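Note sheet for the following structure.
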Amino acid sequence: MKTLICKKPGEFGYEERAIPVPGPDEILLRMKMLGICGTDYHAFDGTQPFFEYPRILGHEISAEVANVPEGSKFNVGDLVTVSPYFSCGKCIACRRGKTNCCTAIKVFGVHIDGAMQEYISVPLSAVVPGNGLTAEELALVEPLAIGAHGVGLAQITENDTVLVLGAGPIGLGVISVLSSKGAKIIVSDVNENRLSFCMDKLGVSHLINPLKTDSLAEVRKITGGDMATVIIDCTGNLNAINGALPFLAHGGKFIMIGLQKGTIEIIHPEFHKREAMLMSSRNALPEDFNEVIRSIKEGLIRPMDLISHRIAFGEVKESFYGLSNTDQSLIKALIIFD
Ligand SMILES: [Zn+2]
Ligand SMILES: [Zn+2]
């Protein structure tokens, strides 16, 4: 089978390898589609912290069952996706059901080799049934589940006004999930293409470009002075995070999905007087995958709108650099295996 290996930052190479032999409690899947994530671009660029090379990238999986282990609920040819966060099952987080932040987590395609290969063998417990979704829709479930997890932590109701900072792939996932909750949504991004996308495809009417307007005054106007009851950061940008507190309503929640490397600065009296809640949101749980799949089936989330590029697996090596570095129209690129 064909595999694509990221040998070192900036260098991909195709290699022929044997089809993996599933171990106990594993299942063999044949890849159909693979979404490319910010993590993959950063790993290729050499800017992903704690990343080791060589590595096979890819964790946004749409695949079909290639080989059925004895007694499994799956049939050959079933479409599935994979929850790519393999947890230990023993640590404090796992024992409390928070497998998404396992102390020994291994993310497929990040800490261990991932899905840029024609066949993968993964733990049976990580496989999520496709439940009537198309192969393309299934490749979008993981990034949407990341959004659903952050939105879930905030326990959004239709009475909330949610300020989403950053409308990249994760932000767009968050906005897609939020749209199904009936909350008022405000989106802030410096990229006009992304803001228009939010308006045209996701129906968001409150859009702010902080480079062009006084965003604080804008949010004050939109909320009638109340400010946002929830802020979800999807930028992973230190300045955006440090500057977010004035936008938060008293009694509000600030959820950080985006990740950056620096130290966050919080002015204590500003934080305190709001009785604000600050939470990070890491990966996603199986129930987030299930919620996303259900919402896609019910038409509440439309993942197809997010797909801007499709690339054959054989052409990834040639086109990857241009995708991440020069293509302004990029929202989500899918690798097609057949
Ligand atoms: Zn991803
Ligand atoms: Zn664990």
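Side notes on the structure shown:
- Cross-linked pairs LYS184/LYS261; LYS106/LYS181; LYS261/LYS332; LYS181/LYS261: Cα-Cα separations exceed 28 Å for LYS184/LYS261; LYS106/LYS181; LYS181/LYS261.
- The stretch between ASN131 and LEU300, if pulled fully straight at 0.36 nm per residue, gains 59.3 nm over its current Cα-Cα span.
- Charge dipole (debye, nearest 20) of segment 144-280; +1 at Cβ of Lys and Arg, -1 at Cβ of Asp and Glu: 80 debye
- Loop-resident GluC sites (Glu not before Pro) (DSSP state other than H, G, I, E or B) in segment 139-229 with no more than 15 further Cβ atoms inside 10 Å of their Cβ: GLU158.
- At an R0 of 41 angstrom, the distance between the Cβ atoms of ILE92 and LYS8 translates into a FRET efficiency of 0.70.
- Computing FRET efficiency as 1/(1 + (r/R0)^6) for GLU270 and LYS181, where r is the C-beta to C-beta distance and R0 is 22 Å, gives about 0.20.
- Sparse packing (at most 13 other Cβ atoms within 10 Å of the Cβ) combined with a DSSP loop state is found for the following trypsin sites (Lys or Arg not before Pro) in segment 71-176: LYS73, LYS90, ARG96.
- Net +/- balance of residues flanking VAL127 in space, Cβ distance below 12 Å, scoring K and R +1, D and E -1: -3
- Accessible surface ranking for MET277, MET31, MET199, 1.4 angstrom probe, highest first: MET199, MET277, MET31.
- For segment 144-280: rounded, prolate or oblate by the Cα gyration tensor [a/c cutoff 1.5]: rounded
- In this Cβ point-charge picture (+1 for Lys and Arg, -1 for Asp and Glu), the chain has a dipole of about 680 debye about its Cα centre.
- Averaging Cα coordinates gives a centre for segment 1-80 and one for segment 186-263; these two points are 34 Å apart.
- Per-residue [θ]222 nm for the chain (sum of -39500 (n - 2.57) over DSSP H runs n ≥ 4, rounded to 500): -8000 deg cm²/dmol
- For the chain, with +1 on Lys and Arg beta carbons and -1 on Asp and Glu, the positive-most of MET116, VAL190, LEU306 along the dipole: VAL190
- Using C-alpha pairs below 8 Å separated by at least 6 residues, the relative contact order for the chain is 17 percent.
- If R0 is 25 Å, the Cβ-Cβ spacing of THR157 and ASN209 corresponds to a FRET efficiency of close to 0.35.
- Label-point gap, in nm, between THR103 and VAL76 - each point 7 angstrom along Cα→Cβ: 4.4 nm
- Among ILE264, ILE186, the sequence by solvent-accessible area, most first, with a 1.4 Å probe is ILE264, ILE186.
- Inter-probe distance in nm under a simple model that places probes 7 Å from Cα toward Cβ, at ASP338 and MET1: 1.2 nm
The values are calculated or read from the model by the stated rules, or taken from the named source; none is laboratory data. Not measured: the values here are computed from a predicted model. Here the Cβ is made from the backbone with ideal geometry for all residues, glycine too, and neighbour counts use every protein chain on show. Note: accessible area is taken over every heavy atom of the protein model, side chains too, but ligands, DNA and RNA are not part of it. Shrake-Rupley method; radii C 1.70, N 1.55, O 1.52, S 1.80 Å.
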